[in-house]
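One structure is given below, encoded as C-alpha cells.
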Ligand code: ADP
Ligand code: ZN
C-alpha cells in the first residue's frame, strides 16, 4: 500500500481521485526500486506509472522515448501540473541544450525526457553520471525488439548506457508486446528479475465476430449489411487491390466512403484521412497503413475483408472501434484461402540469406556498381526472386548494414542503388542468419495464431487476452461464440473420446520420426488425415502409405470432424505444426503421453454438429471443466471460511440468493457479498459463469466503468438486473472491490 500522502499527490498534482486498474501495484513496484515491465494498451495510463514515482523518489527520473515530436506536449502538461520537467533533444539548439544540462546538474528537474540517441553524446552521459538518477523509464519499450513492429536500432544502445550510468532501477513500458517481444525487452534491456504487469487489454464493448464466407460476393453482401446496420466504421483490406475492389463495390451501392492505401500520393492520402477524421464521410476502406492518429471515438464497427497477419495487428485495428465506450461490432470475414495473401507478405518480408547474397551479387556485377531501375525491372532480372517485395526488403537490409546506398533520382519516383563497398564479395556479407531465421519463424507463427483465432470455439476476447498474457480474463459474453451459446470449454475426454484421440495421435506418430530430443514431422496434416481416412489417392498409394497400420483407422468419421479434432489437439498442444511453406505435423511430448495412455486428453472438443454424426460419442454424461477456473486457495479456510462455505454449499445445491438468506437468517445483501467475495478471490473453485449467465455478464460489463465505486451507478442503467448479479459480475471481473475482500 502506498502512504496516505501519495493519494494527496495523486489528487493535488495529477487531479485524479484514484488509480486506474493496475497503476497502484505498478507504482509500488517502481518505487521499491525493482525493475518493472509494464504492458498496458494505449490510453491505459502508462505515463502516471513513471511520473508519479518521479515525484516521490529523491533523485531525477530520465524518460527515454522515441517520439521526439510528442516530448514538448508531455513536458508542457507536466509543467502545468507544477512538476519541474524538461526535454533535451535535437530540436533544441546547442546553446539551449547546454543550459538544460546545467539546470539538470543543479538538480532543477524531477523529470527529463530524452530520445535514445542522446546516449551517443558523451557530454550528456558524463553529465548524467554526476546526477542522482532514481529511475529510468523506457517508453515504447517494444522498439528494442527486432521481432516487434517498430524496431529502433538506437534502443539497442540503451542497456550499455544504463551500465555506464550505474544501472538505476528501470521501468519499461509498452502498449503491445507478445510473449516473444516481452522476452526480448527483458533480455535487451537486461532487466533484473523484473516485476511484470499486463493489464487493461479487455475491451468489453467490442463484439468480436468471425464469419466464414465462401466467395467475394458473399463478403460484399455481408459488408453492406454491416454498413447499413452500424453506419460508421473502417473496413480493412489486406492489399491495395482489395481496397480498390471494396471501394468500387461501395460506390456502386451508393455508399459514401473514402479509400486509403499506400498507392495514393501524399496529398490525396492526407485529404482522404482529413475527410474521415472530420466526419464528412462515415466510412473508410483502407489497408493497415490507416489508423495511426485517427482518434475518432464514434466508430461503431471495424470490418476485416481479409485476415490480418497477426493477432496484434487485428486487435490494434479492431481497437479503433468504440473508443467512446459504446458497443461496437468487429467483424472478421474469414476465408481460409485468403491466408495466401499473408503468406505472400511473409515471404516478401523475410528473404533468405541466399536471396540476399544473390541480389548483392547481381548488384555488384552491374557497371559502375550503380543501378537506376525500378524494383519490378530489377526483380525480373535477378534469378531466384519471387517478387519485388522481397527485393525491397533485401535492399532495405543491405542499406541498413551499409553495403549499399539507396538515393533519390531528381524528377523520378524510383530510386537509384549504389554499391558502397564493391570489394566485399557476396559470400563475405555479414548477415545475422540466426536472427533472419528467427524473424521468419516468428512471422509464420503469428499467422498461425490468427487462424487459430478464427477457428477458436471459446470466448474470443478470452483468446486475445490470453495471447497478450492478460490472464485475469473471463468469458466476455459479447463475442459470436459467447452470444450463440455454442461456446466450448476445454474438458476431459470420456473413455471413447480418449480412444479416438489416441488413435488420431498414433496416426501422427506412425508418420513421424522419434529423435533423441523429440518428434520430427515428415508429412503435412492433410496427408496424415488421408491415411487415417483410408484415402485411395495417388499420393498415398505411390508412397505406399496404405501399408501403414494406421491406414483407414478412423474411416468412419467425417473428414471435417477429424479436421476440427486436429485443430483442437493442436490448441491443446498434443501435436505441433512447423512454420513455413511446407508445414509438417509432429507429436509433442504431452501428445505422446496421451497416446500411450499415461494422460487423459483434455481439449476443446469439436462442435456438436459433428458430434451428431457419431452417435457413439455422446458428450452428455461428461464432466465439464470450466475455463479460467482458478485453483482453490487453501488459505481461504480461515475463521470466516465456515460462513462463506455454508453460503456456497447452499448455492451449489441450487438455492437462489433470497432462499439462502431465508434459510440462514441473514440479510440477502450479505449473501451476495459472500458470493462476490468468493468470486473476486477465486477461492473454492466458484466460477462466475455458474452464477450469472454469460450474456447477462456481457450486458453488465458493457454498462459499467473499468472500476466501479457505486453499484447504484450501474444498477440505474440496468433496472432489470439485480444487485446480486451486478455485484457478483463486477467482483468476478475485478471491477468492484467487495467490502470483505
Ligand atoms: P498511455 O500512455 O498508456 O497511452 P496516458 O498515460 O496518456 O496513457 O493516459 C491516458 C489517459 O488516462 C490520459 O488522459 C490520462 O490523463 C488518463 N489517466 C491516467 N491515469 C488516470 C487516473 N488514475 N485516473 C483518471 N484518469 C487517468
Ligand atoms: Zn466471448
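The values are calculated or read from the model by the stated rules, or taken from the named source; none is laboratory data. Only a predicted model underlies this, so the values are computations on that prediction, with no experimental measurement involved. Here the Cβ is made from the backbone with ideal geometry for all residues, glycine too, and neighbour counts use every protein chain on show.
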Determine whether segment 436-448 contains at least one residue that is exposed (fewer than 14 other Cβ atoms within 10 Å of the Cβ) and at pLDDT 85 or above.
-> yes
Being surrounded by 22 or more Cβ atoms within 10 Å (Cβ to Cβ) and within 8 Å of ligand 1 (Cβ to nearest atom) is the filter here, so list the residues in segment 25-48 that pass it.
-> 40, 46
Selection status of residue 237, in contact with a strand residue (DSSP E or B) (Cβ under 7 Å, 6 or more places away or on another chain), away from ligand 1 (no atom under 16 Å from the Cβ) and either without any contact (Cβ under 8 Å) to a residue 24 or more places away in the chain or more than 30 Å from residue 134 (Cβ to Cβ) (or both) = yes
Please enumerate the residues belonging to segment 455-474 that are modelled with pLDDT under 80 and either surrounded by fewer than 20 Cβ atoms within 10 Å (Cβ to Cβ) or near ligand 2 (Cβ under 8 Å from one of its atoms) (or both).
-> 471, 472
Within segment 65-86, residues within 14 Å of ligand 1 (Cβ to nearest atom), in contact (Cβ under 8 Å) with a residue 12 or more places away in the chain and either more than 25 Å from residue 177 (Cβ to Cβ) or touching a helix residue (DSSP H, G or I) at 6+ places or on another chain (Cβ under 7 Å) (or both) come out as 65, 66, 75, 78, 81, 83
Given the conditions (1) in contact with a strand residue (DSSP E or B) (Cβ under 8 Å, 6 or more places away or on another chain); (2) away from ligand 2 (no atom under 16 Å from the Cβ); (3) modelled with pLDDT under 85, every one holds for residue 418 apart from (3)
For segment 1-24, enumerate the residues that are away from ligand 1 (no atom under 14 Å from the Cβ) and in contact with a helix residue (DSSP H, G or I) (Cβ under 6 Å, 6 or more places away or on another chain).
-> none
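Could you grab me the full set of residues in segment 709-733 that are crowded, with 19+ Cβ neighbours inside 10 Å and not in a helix (DSSP H, G or I)? So that I can check it myself, show each step before the final result.
Of segment 709-733, the ones crowded, with 19+ Cβ neighbours inside 10 Å are 714, 724-733.
Across segment 709-733, the qualifying residue is only 733.
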Please determine, by comparing only the residues of segment 657-671 that are in a loop (DSSP other than H, G, I, E, B) and touching a helix residue (DSSP H, G or I) at 6+ places or on another chain (Cβ under 9 Å), which one is nearest to residue 738 (Cα to Cα).
-> 667
Residues of segment 514-542 satisfying the condition of being modelled with pLDDT of 90 or more, under 19 Å from residue 586 (Cβ atoms) and in a loop (DSSP other than H, G, I, E, B) = 522, 523, 524
Tally time: how many residues in segment 247-270 are surrounded by 13 or more Cβ atoms within 10 Å (Cβ to Cβ), modelled with pLDDT under 95 and assigned to a helix (DSSP H, G or I)?
-> 2
